[in-house]
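Comments concern the structure below.
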Amino acid sequence: MAKGFGPAVKTPPATKRQKAYFKLIQALLKCPRGRELKILRKHPDLVDTGLVEMMEMVATILVAQGEFSGANLLIDLADFLYRSYIGADGPPVTGNFGKAPAFLWEVLRTILRNINNQQTTYQILAINSDKLNEYFLLQFRLWIDCTLLKSEPKLKKAIALFLISFCKMLWLFPLGNRAINLEIAIAGLEGSAKILTREVLPQMWVNIQSDLAPAYRHRRRGDRSENLEKALTACTNALQISTRDTSPQEWAMVQNNLGLVYSDRIVGDESENLEKAIACYEGALQVVSRDRDPELWGRLQNNLAVVYTRRVEGDRSQNFEKAIACYQVALKVRTDADWASSQWHLGTAYSERILGDKTQNLERAIAAYQAALQIYTPETYPERWA
């Protein structure tokens, strides 16, 4: 017997039950504060995991609408019901593979409650990084395919918005299994793209494509060549809407991602791919201002320099001169680990430089490597330090 909610009754059909959940939730939102449990006790047949999950879903909608008070009420009620009723001896969810991983809701609730404070969510991820495992990935994928994509449009749209935040955080999350984290992020972004389509929310769809490109480029599972082609497709998709004229800054960021993909690309002629990468970076630099966006400007200069050191076309000695010039200007705006990365690449360029005095070039290479080691320490970046 559940705690004060009466015996379990036979579950009605899913669509009818979902309507009953919504009606009950509406009553809870409209009732005077303090009477919520009284209302719940009148509907013991509806108090189960399905109601808790529906509360969480409706809460995400309310947040998207800016109704934080109602959202927090539902989250608190959902937490109470799970701890007091469902978590104890309540009925199991039917069709487990259609259920979202429990930890996912915990993270989404944290994101919901701390919209302007991502650090809190990162702390939750850090404490529970062991839960981001193969089982989570499997259940996450099945939940997206079997439940989320088949949910009502308003519900799945709201949930997708929070999923994107979760995936972007997971993409940057340094702990746990990096390969699995990327798989979870890709699955969530792909699922969100099927909900927030180009027709439904074109700008959000572009943002998803822009996030998918680096995720596929860094993906550790699957065929490397195929992953890069998927990254290329994501960039191409984004450029269908994001143009140089309509959104130059966003267009430049996509061009940077596209340049990285072309520089790594396995399919096609290497020389042609590198030329396309150079064109992407140089095109982006025509619209990115060093003063307005020094971070992106420096990144583009650094990436352009890397490609020049690998360039097949043109005079090799001149390509290295261009690369060194790009690294030097990038170092004027880059900071911390990015600055150290450019120093390390500059050291490599000087060590392979064709023009100039060999001894001087090697001394400059040593100086650049030593500068990088100011940031790359055994404690902070052990692999790069080594």
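The values are calculated or read from the model by the stated rules, or taken from the named source; none is laboratory data. Treat the numbers as computed from the prediction; the structure is a model and nothing was measured. Note that we place each Cβ from the backbone using ideal geometry, even for glycine, and neighbour counts take in every protein chain shown. Heavy atoms of the whole protein, side chains included, go into the accessibility calculation; ligands, DNA and RNA do not. Shrake-Rupley method; radii C 1.70, N 1.55, O 1.52, S 1.80 Å.
Just checking, which of Leu304, Leu285 is open to solvent by 20 Å² or more (accessible area, probe 1.4 Å) and more than 22 Å from Trp171 (Cα to Cα)? Explain how you work it out, then say what you get.
Values: Leu304 fails: open to solvent by 20 Å² or more (accessible area, probe 1.4 Å).
Step by step, each of Leu304, Leu285 is checked, and only Leu285 is open to solvent by 20 Å² or more (accessible area, probe 1.4 Å) and more than 22 Å from Trp171 (Cα to Cα).
So, Asp145, is that one under 25 Å from Leu46 (Cβ atoms) and modelled with pLDDT under 90 or not? So Asp145 fails the test.
Anything in region 307-340 that is open to solvent by 30 Å² or more (accessible area, probe 1.4 Å), outside any loop (DSSP other than H, G, I, E, B) and closer than 20 Å to Ala372 by Cα? List them, or say none. Across region 307-340, the qualifying residues are Thr309, Ala325, Gln328, Val329, Asp336, Asp338, Trp339.
The lone criterion from (1) among the aromatic types (Phe, Trp, Tyr); (2) open to solvent by 40 Å² or more (accessible area, probe 1.4 Å); (3) at pLDDT 90 or above left unmet by Phe166 is number (2).
Against the condition under 23 Å from Glu352 (Cβ atoms), open to solvent by less than 20 Å² (accessible area, probe 1.4 Å) and among the aromatic types (Phe, Trp, Tyr), how does Tyr262 come out, does it pass? It would help to see each step written out before you state the result.
Values: under 23 Å from Glu352 (Cβ atoms): yes; open to solvent by less than 20 Å² (accessible area, probe 1.4 Å): no; among the aromatic types (Phe, Trp, Tyr): yes.
Answer is no for this residue.
Restricted to region 113-131, and to residues there that are assigned to a loop (DSSP other than H, G, I, E, B) and either over 20 Å from Asn72 (Cβ atoms) or β-branched (Val, Ile, Thr) (or both), the residue that is least open to solvent (accessible area, probe 1.4 Å) is Asn128.
Counting the residues of region 26-81 that are hydrophobic (A, V, I, L, M, F, W, C), without any contact (Cβ under 8 Å) to a residue 40 or more places away in the chain and in a loop (DSSP other than H, G, I, E, B) gives 1.
Among the residues of region 215-222, is any free of Cβ contacts under 8 Å to residues at least 12 places away in the same chain, out of contact with any Asp or Glu (no Cβ under 7 Å at 6 or more places or on another chain), within 18 Å of Val267 (Cβ to Cβ) and surrounded by fewer than 17 Cβ atoms within 10 Å (Cβ to Cβ)?
The answer is yes; a qualifying residue exists.
Answer yes if at least one residue in region 179-194 is without any contact (Cβ under 8 Å) to a residue 12 or more places away in the chain and open to solvent by 10 Å² or more (accessible area, probe 1.4 Å), and no otherwise. Full working, then the answer.
Initially, region 179-194 is screened for residues without any contact (Cβ under 8 Å) to a residue 12 or more places away in the chain, giving none.
No, because not a single residue in region 179-194 is without any contact (Cβ under 8 Å) to a residue 12 or more places away in the chain and open to solvent by 10 Å² or more (accessible area, probe 1.4 Å).
Within region 341-357, which residues are over 31 Å from the mean Cα position of the chain (by Cα) and open to solvent by 30 Å² or more (accessible area, probe 1.4 Å)?
Step one: filter region 341-357 for residues over 31 Å from the mean Cα position of the chain (by Cα), giving 347-357.
Listed by number, the residues that qualify are Thr348, Ser351, Glu352, Arg353, Ile354, Leu355, Gly356, Asp357.
Among Ser225, Ser242, Ser271, which is among the hydroxyl-bearing types (Ser, Thr, Tyr), assigned to a loop (DSSP other than H, G, I, E, B) and over 30 Å from Ala71 (Cβ atoms)?
On the way: Ser225 fails: assigned to a loop (DSSP other than H, G, I, E, B); Ser271 fails: assigned to a loop (DSSP other than H, G, I, E, B).
Exactly one of Ser225, Ser242, Ser271 is among the hydroxyl-bearing types (Ser, Thr, Tyr), assigned to a loop (DSSP other than H, G, I, E, B) and over 30 Å from Ala71 (Cβ atoms), namely Ser242.
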